[in-house]
Amino acid sequence: QATVTVKLGRPLTAAVRKFSRDHRVTPYMTLLAAFTAMLSRFSGQDTVVVGAAVTNRPPGTEELVGLFVDTLPLPVDLSGDPTFDELLGRVRVVTAEALDHQAAPFDELVRAVNPERDPSRNPIFQVMAEYENEVAGGFELPELTATLLEVAPAKAAFDLMCFLSNLPDTVQVHVEYNAELFDEATVRRFVRHFAELLRP
């Protein structure tokens with residue numbers, strides 16, 4: 001596994017946020033539309049399936065400590081050479097439908113779809129795109145101070161895993177990738193094209 005981290009910069013981030021407000025979508029939807037367009041162009045595929053992690057805390061577990069996260073596959077249709085506004089509309093629908101069914105466990109979805117299994121690949125998608133609001137560097141409790149410690153896994157869980165972090169004045173794009181499939185120059189080119197697709 002290897003990583004590439006790039007910041008979109010203040011002017012482009014401001015443009016993305018304004019565009020999202022004007023089109024009544026979340027910044028994540030705007031970023032996801034550009035991300036899937038970039039993947040479609042590089043892969044030559046009309047449908048791109050991207051994984052997204054969502055909080056899935058069932059009723060009655062509010063007082064439990066633990067990580068209640070599930071994974072949603074987002075299949076985005078890019079057929080017919082849609083305009084960005086048309087693609088954004090498709091992303092909005094796919095995201096809303098996925099959230100409506102987020103209670104369905106991912107392993108049950110895999111069993112229902114029953115894809116051809118390959119132990120070296122995720123059965124539904126090979127790319128993740130996560131949106132993170134600003135993450136604090138640590139937090140304090142009475143007589144306890146905690147800080148975040150990043151530990152990189154030894155092996156990439158997906159071919160590409162893109163973390164889009166919403167910082168105060170920019171969006172940071174952090175990509176973890178399988179170094180057996182991609183080199184750093186290729187991933188940096190991915191990120192460059194992604195940023196170009198976001199420019200007004």
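The values are calculated or read from the model by the stated rules, or taken from the named source; none is laboratory data. Treat the numbers as computed from the prediction; the structure is a model and nothing was measured. Positions of Cβ are backbone-derived with ideal geometry, glycine not excepted, and every protein chain shown enters the neighbour counts. Remember, those area values only see protein heavy atoms, side chains included, never the ligands or the DNA or RNA. Shrake-Rupley method; radii C 1.70, N 1.55, O 1.52, S 1.80 Å.
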- Task: Identify all residues within the range 132-145 that are open to solvent by less than 80 Å² (accessible area, probe 1.4 Å) and at pLDDT below 70; write none if there are none.
- Result: Ala136, Gly137, Gly138
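Conditions tested, residue by residue: (1) modelled with pLDDT under 75; (2) touching a strand residue (DSSP E or B) at 6+ places or on another chain (Cβ under 8 Å); (3) buried (at least 16 other Cβ atoms within 10 Å of the Cβ); (4) among the small types (Gly, Ala, Ser).
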residue	(1), (2), (3), (4)
Thr95	no, yes, yes, no
Leu99	no, yes, no, no
Pro105	yes, yes, no, no
Val110	yes, no, no, no
Val113	yes, no, no, no
Arg117	yes, no, no, no
Asn122	yes, yes, yes, no
Val127	no, yes, yes, no
Glu130	no, yes, yes, no
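Let's see how each residue does on (1) at pLDDT 90 or above; (2) crowded, with 17+ Cβ neighbours inside 10 Å; (3) not charged (D, E, K, R):
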position: Val4; (1), (2), (3): yes, yes, yes
position: Lys7; (1), (2), (3): yes, no, no
position: Pro11; (1), (2), (3): yes, no, yes
position: Arg24; (1), (2), (3): yes, no, no
position: Tyr28; (1), (2), (3): yes, yes, yes
position: Ala33; (1), (2), (3): yes, yes, yes
position: Ala37; (1), (2), (3): yes, yes, yes
position: Ser43; (1), (2), (3): yes, no, yes
position: Pro59; (1), (2), (3): no, no, yes
- What tally of residues in the range 174-200 results from selecting those that are aliphatic (A, V, I, L, M), touching a helix residue (DSSP H, G or I) at 6+ places or on another chain (Cβ under 6 Å) and within 17 Å of Phe19 (Cβ to Cβ)? 2
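For the range 171-183, how many residues are open to solvent by less than 90 Å² (accessible area, probe 1.4 Å) and either among the acidic types (Asp, Glu) or more than 18 Å from the chain's Cα centre (by Cα) (or both)? Write out each step before concluding.
Within the range 171-183, the first condition is being open to solvent by less than 90 Å² (accessible area, probe 1.4 Å), and the residues that meet it are 171-179, 182-183.
Next, only the ones that are either among the acidic types (Asp, Glu) or more than 18 Å from the chain's Cα centre (by Cα) (or both) stay: 176, 179, 182-183.
Looking only at that region, the number is 4.
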- Candidate set: the range 146-185, residues that are assigned to a loop (DSSP other than H, G, I, E, B) and more than 12 Å from Ala2 (Cα to Cα); chosen: the one modelled with the lowest pLDDT: Val151
